[in-house]
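Shown next, in structure tokens, is the structure this report addresses.
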Amino acid sequence: MSTEKCGYVAIVGRPNVGKSTLLNHLLKQKLSITSQKPQTTRYRVMGIHTEGDAQIIFVDTPGWQRRPPRGINRVMNREIRGALTGVDLALLVFDARMWHEDDAAVLSQVNAQNIPVIAVANKIDLAQDKRKLLPVIDEVRNAGDVMDIVPISAERDDALEALVQVIHQHLPARPHEFPPDQLTDRNMRFLAAEIVREKLMRMFGEEVPYSSSVVIENYEETPTLVRISAAIWVERPGQKQIVIGKGGEMLKSVGTAARRDIEKLTGTKVFLELWVKVRENWADDVRALHELGFDE
């Protein structure tokens, strides 16, 4: 008789609480891009954690927005609702220093679908007075239906094994769906585009990252070299000049940083060619969003 456990676990929460950082550290592999800016994550990203008889299929999601201003933000909210369909469990990640009304709104969304919830109090390392965490925990308990509350620091790998063990307790008994060495359902084209977008998020101010996206136009793989051609979309000519920079220096910096990370993933040398295209109002254009992989 099989003793295997396997379940889908959605990682949800408001923007910038550390959902993608948590997934990367749980898997010990960078799958979801991260930055200090909210709304870095735009897509659902699946990460597969297999340990002994237990397989956790994590689904990382964008940050929930109660008042999405643009088409892409509304699509991202739909990504979250789609990620909750059919999951066995949800991890509600929040900043341990403060329970926000938007955290409560996300918890309400999950509770409404009768999905069991583990609340994950992240960033405990940033709390100077640990006694102030207790009233926040009480707020969480009173806000809705949660099975467990687990304090962690994803950035410092603090208490992540304890979190995994709590998740294991709530997984259904069923056979594993993926081989033990598979980490994600996403291909390298997707991961390469996301890595380039991460560098844009990290290198530029507030306007450019949210007005830009990345499309892989060509991806060729050989045993010794990966050739990638990628277009960076921006909405205005002025943004194009900012991304290119004086003498092309900024674009070169983006490409160099992205190439290094892609080489770590592929384990081979990478030739990465980037250029910038103006695509006006792409974030509100249904056709453009479809090209970017969002299903309306």
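The values are calculated or read from the model by the stated rules, or taken from the named source; none is laboratory data. Not measured: the values here are computed from a predicted model. Here the Cβ is made from the backbone with ideal geometry for all residues, glycine too, and neighbour counts use every protein chain on show. Please note that ligands, DNA and RNA were not included when accessible areas were found on the heavy atoms of the full protein model with its side chains. Shrake-Rupley method; radii C 1.70, N 1.55, O 1.52, S 1.80 Å.
Counting only C-alpha contacts under 8 Å and six or more residues apart, can you give the relative contact order of the chain as a whole percent?
Relative contact order of the chain: 18 percent.
Which of the lysines could a cross-linker span from residue 132 if the Cα-Cα distance has to be under 17 Å and same-chain partners fewer than 8 positions apart are dropped?
In chain and number order, the partners are 123.
List the residues of the range 70-105 whose backbone N lies under 19 Å from a point placed 7 Å from the Cα of residue 133 along the Cα-to-Cβ direction.
Within reach of a label on residue 133, which here means backbone N under 19 Å from a point 7 Å along Cα→Cβ, the range 70-105 contributes 91-100.
What list of ³J(HN,Hα) couplings, whole Hz, do you get for the range 198-212 from phi and the Karplus terms 6.51, -1.76, 1.60, once you set θ to phi - 60° and write x for glycine and proline?
Computed from phi, the couplings for the range 198-212 are 4, 5, 5, 4, 7, 8, 10, x, 6, 6, 4, x, 7, 9, 10 Hz.
Just the number, please: carbon plus sulfur as a percent of the accessible area of the chain, 1.4 Å probe, no ligands or DNA/RNA counted.
49 percent
Please work out the FRET efficiency for the pair residue 278 and residue 173, using the Cβ-Cβ distance as r and a Förster radius of 51 Å; give the result to the nearest 0.05. Mind showing how you got there, number by number?
On the way: r = 53 Å, r/R0 = 1.05.
Given R0 = 51 Å and the Cβ-Cβ separation, E is 0.45.
As an exercise, use a Förster radius of 30 Å and the Cβ-Cβ distance of residue 3 and residue 185 to find the FRET efficiency, rounded to the nearest 0.05. The partial results should precede the final answer.
On the way: r = 25 Å, r/R0 = 0.83.
The formula returns an efficiency of 0.75 here.
Residue separation times 0.36 nm, minus the C-alpha to C-alpha distance between residue 249 and residue 286: what's the value?
Fully extending the segment from residue 249 to residue 286 adds 10.1 nm.
5 Å is the cut-off here: which amide hydrogens, built 1.01 Å from N in the peptide plane, fall below it relative to residue 120, excluding neighbours closer than 5 in sequence?
92, 93, 94, 150
Can you run phi through the Karplus equation (6.51, -1.76, 1.60; θ = phi - 60°) for the range 117-123 and list ³J(HN,Hα) in whole Hz, with x for Gly and Pro?
For the range 117-123, the Karplus curve yields 10, 10, 7, 10, 7, 8, 6 Hz.
Return a whole-number percent for the relative contact order of the range 105-224, with Cα pairs under 8 Å and 6 or more residues apart as the contact set.
19 percent
Heavy-atom accessible area per residue, the range 16-130, 1.4 Å probe: how many Å²?
That works out to 37 Å² for each residue.
Taking only the alpha carbons of the range 74-168, what extent do you get along each of the three principal axes, in Å, biggest first?
37, 28, 24
Pairs of alpha-carbon atoms within less than 8 angstrom and 6+ residues apart define the contacts here; what relative contact order does the range 23-132 have, in percent?
18 percent
Amide H of residue 186 versus every other amide H placed in the peptide plane: which residues, excluding those fewer than 5 positions away on the same chain, fall under 5 Å?
Placed amide hydrogens put 46 under 5 Å from residue 186.
Residue by residue through the range 230-236, which ³J(HN,Hα) values in whole Hz follow from phi under the Karplus form 6.51 cos²θ - 1.76 cosθ + 1.60 (θ = phi - 60°), with glycine and proline marked x?
For the range 230-236, the Karplus-derived couplings read 10, 9, 9, 8, 10, 9, 9 Hz, x marking Gly and Pro.
Calculate how large, on average over all directions, the projected area of the Cα convex hull of the range 150-296 is; give the answer in nm² to one decimal.
Mean orientational projected area (the range 150-296, Cα hull): 12.3 nm².
Label the range 1-141 by shape, choosing from rounded, prolate and oblate, from the square roots a ≥ b ≥ c of the eigenvalues of the Cα gyration tensor; if a/c is under 1.5 it is rounded, and otherwise prolate applies when a/b is larger than b/c, oblate when it is not.
It is rounded, given that a/c, with a ≥ b ≥ c, falls under 1.5.
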